[in-house]
Amino acid sequence: MIKNFRVVTYSCYLSMLFLGISGALIGAAAKSIGLSPYQIGIMIAAQNLGFIVSVMITGALADTHSKPKILAIGSLILGIAFLVFYSIGTFWLNLIIMFAIGAGIGAYEGVTDALLLDIHDERQNYYINVNHFFVTLGSIIIAVYLTFLSLNWRNAVIQSGVIVLVLAVIFIFMRVRRRDIEHAPYLDRLRILTRDRVVIVLFLATFLAVGVEAGTVGILTSFLTELRDFTSFSAQFALIVFLIGMAIGRLLVGYFSGVDQIANTLLILFGASVFIYGALYFLSVGQASYVFILLAGLSMSAIVPLLLTLAGVLYPAMSGTVLGAVKVALPLGGIVLPFLMSMITRQASFQAALAIFPLAFLLGFVVLFLSVRDVSIPVVKEAV
């Protein structure tokens, strides 16, 4: 049996690396497969649907069942889905496989943070930030793959599937301590959450932050080539700079920010992002844009991990359920804000639509300032 905390921690990190890679799988493979824009949209929708269903179910189960066992099931689903993805060219069959990929990474998103909160009594914020650093690292791997390398995406996916199946075996033999807490029935927990103002605010703030992140990743290269006269290569390199900024920021904020400082750190990051994203998208500064791009990655990097950490430590008796509920905002934010941008672009202009980004951070700052700036972190006793 595996009880070593380092093995548990690193297994969570590896899981989130594959979450980051999976999230960009269609972008890496669509051209080689020959998918149309319509088919790409349907594929992404299927993955997001699988993610939403899975993160809600696994988050709730994480409060009452073995977290490693849930992760083992998620890894089996994801590993098998990787191995068979587009082994047959039928679109609708692969649509089901993409739903399964979403379900597999949904299990990772729904459980790994809660597991890290269980096994680490101190510096919980650091471990959650590093966990989400590996999501960004997975995205960087895909971005570098697309920009600089010409590798066979199918072989890479098969290799990833094999590694994920090995990860499933590790989770099967993993044993961890559980918090000594009595858990209310799921419906009672969910009823409490839907009436809790802080949970609703955390959901909204996560929704806004993820929407800006997904929107920036999706439109940054187009913005730079169309409105700032960057070359295609320079714009793609700028995206990598943004992702590197996010990766560095998650490590730095996680290391230097304590759990008792989360609320204030969030307010600083949301407030700073209002000005940074306003400058990035509305000031024409030529090559100096790289500075604002790096700062944009740094300022928004730790927002989502900090929000999730705050949700978990504020509700230790049902951290899995709370995290599962808040994390539903991840795919929703990644869909709704970019869609709203496209509507504004169609009715007004691309430049006008970019105002959504600083305005989203401003709204997030206001709701957090009014709701969580004075929250107190409860102390939870542990049982081995």
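No value in this document is a laboratory result; all are computed from the given coordinates. Here the structure is a predicted model, which means the values were calculated and not measured. Here the Cβ is made from the backbone with ideal geometry for all residues, glycine too, and neighbour counts use every protein chain on show.
For the chain, give the magnitude of the charge dipole about the Cα centre (Cβ charges: +1 Lys/Arg, -1 Asp/Glu; no others), in debye to the nearest 20. Kindly include the intermediate steps, with their values, before the conclusion.
Numbers: 21 positive and 16 negative charges, 92 e Å.
In total the dipole reaches around 440 debye.
Would you compute, for the Cα atoms of the chain, the largest minus smallest coordinate along each principal axis and list the three values in descending order, in whole Å?
Principal extents (largest minus smallest coordinate, Cα): 59, 52, 33 Å.
So what is the 222 nm mean residue ellipticity for the chain from helices alone, if each DSSP H run of at least 4 adds -39500 (n - 2.57) and you divide by all residues, rounding to the nearest 500 deg cm²/dmol?
On the way: 17 runs with 304 residues, N = 384.
Result for the chain: -27000 deg cm²/dmol, rounded to the nearest 500.
Treating only the Cβ of Lys, Arg, Asp and Glu as charged (+1, +1, -1, -1), what charge dipole size does segment 183-378 show about its Cα centre? Round to the nearest 20 debye.
300 debye
Once amide H atoms are placed 1.01 Å from N in the peptide plane, what residues at a sequence separation of 5 or more from F230, or on another chain, have their amide H within under 5 Å of its amide H?
Placed amide hydrogens put T225 under 5 Å from F230.
Would you mind putting 301-311, 116-126 in packing order, based on average other-beta-carbon counts within 10 Å, highest first?
Those peptides, ordered most packed to least, come out 301-311, 116-126.
So, counting K/R as plus one and D/E as minus one, what does the shell of residues with Cβ under 10 Å around I128 add up to?
Spelling it out: positives minus negatives among the neighbours equals +1.
log₁₀ I(q)/I(0) of segment 25-89 at q = 0.26 Å⁻¹, via Debye over equal Cα point scatterers, no solvent, to two decimals?
Debye output, listed in q order: -1.16.
Among G297, A60, A311, whose Cα projects farthest towards the positive end of the dipole of the chain, with charges put on the beta-carbon of Lys, Arg (+1) and Asp, Glu (-1)?
A60
With a 10 Å radius around each residue's Cβ, average the other Cβ atoms per peptide and rank 17-23, 162-168, highest first.
Result, highest mean first: 17-23, 162-168.
Pick out, from I101, S87, L25, the residue whose Cα sits farthest towards the positive end of the charge dipole of segment 1-178, with +1 on the Cβ of Lys and Arg and -1 on the Cβ of Asp and Glu.
The one lying farthest along the dipole's positive direction is S87.
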